[in-house]
1. Name the single residue, out of those in the range 16-58 being polar (S, T, N, Q), surrounded by 14 or more Cβ atoms within 10 Å (Cβ to Cβ) and in a loop (DSSP other than H, G, I, E, B), that is modelled with the highest pLDDT.
2. Any idea which residue in the range 29-41 is farthest from the ligand (Cβ to nearest atom), counting only those that are aliphatic (A, V, I, L, M) and over 12 Å from Leu18 (Cα atoms)?
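The values are calculated or read from the model by the stated rules, or taken from the named source; none is laboratory data. Just so it is clear, the model here is predicted, and its values are computed rather than measured. Methodologically, a virtual Cβ is constructed for each residue, glycine included, from the backbone with ideal geometry; neighbour enumeration extends over all protein chains shown.
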Amino acid sequence: MTAAPRPAGLGRAPQQGLTVPCPHCKANAGRPCTIPANGRRLAAPHPSRLDAAEGAAA
Ligand SMILES: [Zn+2]
């Protein structure tokens, strides 16, 4: 049983940026970003993490 349809052509990480640790909130690679103040998960990675992921992929 699949909860949601998977977009075609996305054979990579489910969320961009998760391949590297977050330099902002210190989330480990593969883990979602969190708000350090209260530990809540973010729906999207921190922008600085996306930059780090792009740098690692390049
Ligand atoms: Zn983060």
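1. Looking at residues that are polar (S, T, N, Q), surrounded by 14 or more Cβ atoms within 10 Å (Cβ to Cβ) and in a loop (DSSP other than H, G, I, E, B), I get Thr19.
2. Ala37
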